[in-house]
1. Output yes when any residue across segment B:51-71 is over 28 Å from residue A:469 (Cα atoms), in contact with a Ser or Thr (Cβ under 8 Å, 6 or more places away or on another chain) and either buried (at least 19 other Cβ atoms within 10 Å of the Cβ) or of a type in the set (D, E, K, R) (or both), and no when none is.
2. Test each condition in (1) surrounded by fewer than 22 Cβ atoms within 10 Å (Cβ to Cβ); (2) modelled with pLDDT under 95 for residue A:251 and report the one that comes out false.
3. With the checklist (1) without any contact (Cβ under 8 Å) to a residue 60 or more places away in the chain; (2) in contact with an Asp or Glu (Cβ under 8 Å, 6 or more places away or on another chain); (3) under 24 Å from residue B:59 (Cβ atoms) in hand, flag the one item residue A:516 doesn't pass.
4. For residues in segment A:204-221 being aliphatic (A, V, I, L, M) and in contact with a Phe, Trp or Tyr (Cβ under 6 Å, 6 or more places away or on another chain), which is modelled with the lowest pLDDT?
5. How about segment A:266-275: which of its residues are facing chain B (nearest Cβ under 10 Å) and buried (at least 23 other Cβ atoms within 10 Å of the Cβ)?
6. Keeping to segment A:210-225, report how many residues are closer than 15 Å to residue A:507 by Cα and in contact with a Lys or Arg (Cβ under 9 Å, 6 or more places away or on another chain).
7. Looking at segment A:544-575, which of its residues are of a type in the set (S, T, N, Q) and outside any loop (DSSP other than H, G, I, E, B)?
8. Determine, yes or no, whether residue A:283 is buried (at least 18 other Cβ atoms within 10 Å of the Cβ), away from chain B (no Cβ under 14 Å) and farther than 23 Å from residue B:45 by Cα.
Amino acid sequence: MVDITPERHMKVWRVNVCEQTYSIEPTPDTWAHLGGRGLVARILVDEVAPTCAPLGPGNKLLFAPGLLVGHMLSSCDRISVGGKSPLTGGVKESNAGGSTGLQLTRLGIKALIIEDAPARGGWWVLLLSPEGARFEPAGDVAGLSVYEAAPRLLERYGNHVAIALIGPGGEMRLSAAGIQNLDKDKVPSRIAARGGLGAVMGSKGLKAIVIDAKAGEKPPIAHIEDFRNAQKEYNKALMSHPQTKVYADYGTAAMPRMSNGFGGLPTRNFSQGTYEDVEKISGEYMRELLLQRGGESETTHACMAGCTIRCSNIFGGEDGKAIVSPLEYETIGLLGPNLCISELDSIARMCYQINDLGLDTIEVGAALGVAAEAGLMQFGDSTRAMELIDEIRKGTPLGRVLGSGAATTGIVFGVEKVPAVKGQAMSAYEPRAIKGTGVTYATSPQGADHTAGLTIRAKVDHLDPTVQVDLSRKTQINMAGYDTLGACIFAGFGFAAAPETIRDLLNARYDWQVNGDILQVLGKEALKLERQFNLGAGLTSAHDRIPEWMTRQALPPHNAVFDVSEKELDEFFNW
Amino acid sequence: MKVTVHLHTTLQRQTPEGLIRRLEVELPGGSRVADLLADLEITLSMDALLLAVNARVAEPEQILQDGDQVNIMPAISGGGGS
């Protein structure tokens, strides 16, 4: 039995997939103050050659719960997954809700480092428990889709375990493959989607990581009373925030009309900023539809235990049976207006298929937009879109191209109009209409990613190129901080209203004496480390650019181009 | 003059005909965005609202023109961290 509690400190678990061995190590001093995204960046800088092949033995697959994970603080139990990205060739951290983060902390795991390459073929399950780490043959779950594999693994290991698994996309090592985690209802829908980390997991020969923490225990809290007081303040701020109700009722699907209202809803492969059928794909319409359909439909649903915002949903069909959970804005945007598809039922079915393959809906949606540009489908033809998704399932050359993302699809089919930065597809905010988010796409070490710093809610003129770099920088620093805490983007409403609670929670949890600027301190450190890794990998300021065609081709309705100056973009990391 | 108003999420209106989120509003010439909000009896503070006129962020003092498209969103800072 591995003793996980006596020093009451979190440890680093290191697993070698070649030898099928593991060790448990004390956390190095320079890692102790980090978690989540910041810790992923630190480990990559310390241990992974930035020039390594992403699918080779030199890359490592990392799991790091955020600093506040483990206590069922509302919206603060996220898991960061990381490695060198096969999609961007640079640093990658992708985080998800669900139960993986919480259960890892119950085994005392500060970071899980999976290294080397398998010496033999076959698919394996890595089982983590208080007994340690063990490899078991994946057996009959190998080759299965995500929604087929998860219930079998739960049957095999018990309904209490947390699971991180890949689908056929990860097994095929496609660059759009993510890693899926169970939500609180055991549905494997919480995906660390971006950047191809599912392909990295596939390259390690792992079909699933199963975390059995039944005999584990909650991570220690140094000053429990202080922690509970800070938690109370945070909850109060979160619950009294009007935005919490908006997200409980409408989820992220509140966004289509907002983006459209600013002329920034990517439509027809990023060629228009407004969509004529926006009402049909709006969160407001979806809520009415789901309330009317009833059955398994839910307009308000929590992805993590203890979440008070509950922004998720269950999208039910006409018969009330669940089609997919959740149906989020980014998915609606990239599979809806981006492809000129306005039927939510079709979008939900496509979302289910892409989830089932273990792929990123943003990347696949953008790849389909590029495919439509190339004439492989007509815009608006959801039947053909579904056929193309099926090509991925069959593993045909065409399917593998699409499953490798928008940039690869553009190269193979000779399309200039690819909405991607550093090889990663943009999400559902047009950078020519919401230019601060364009700066984020351009400069984030992660590649184009709205979660790195979304600016649409800022009260600025989104078309004025001169104010966007500062705005994006502030937002990116805060988001990198939240990602290091393990806090969901929406926890930010509570923390923004009561910022001192971040300091108080950390000091109480770890017996630290950090100041009120800790969120920014952590965020800056994470970004600097990520930048350092990217520079080593050959990703420089020359790559911090919006695609050239977006600086030339005007976007209706504003007829705007992306015109934030390159000089200003190059100043992004000078703070 | 007449402007088209798009009400978002919790600002939708329950009416006997169902939920209304798009409506035409008649206003005297020279009306400002703030006058429109008063006309619609929207009492949320400016901190709790995001306003767009013709797809650009607007201030309450902005003068409206005939045919303007106005989006009124109960969405404030946070989330994006800004």
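1. yes
2. (1)
3. (3)
4. Among them, the one singled out is A:221.
5. A:273 - this is the single residue of segment A:266-275 that is facing chain B (nearest Cβ under 10 Å) and buried (at least 23 other Cβ atoms within 10 Å of the Cβ).
6. Count: 5.
7. A:551
8. So residue A:283 fails the test.
The values are calculated or read from the model by the stated rules, or taken from the named source; none is laboratory data. Keep in mind that this is a model prediction, so the values were computed, not measured. Glycine also receives a Cβ, built like all others from the backbone with ideal geometry; neighbour counts cover every protein chain displayed.
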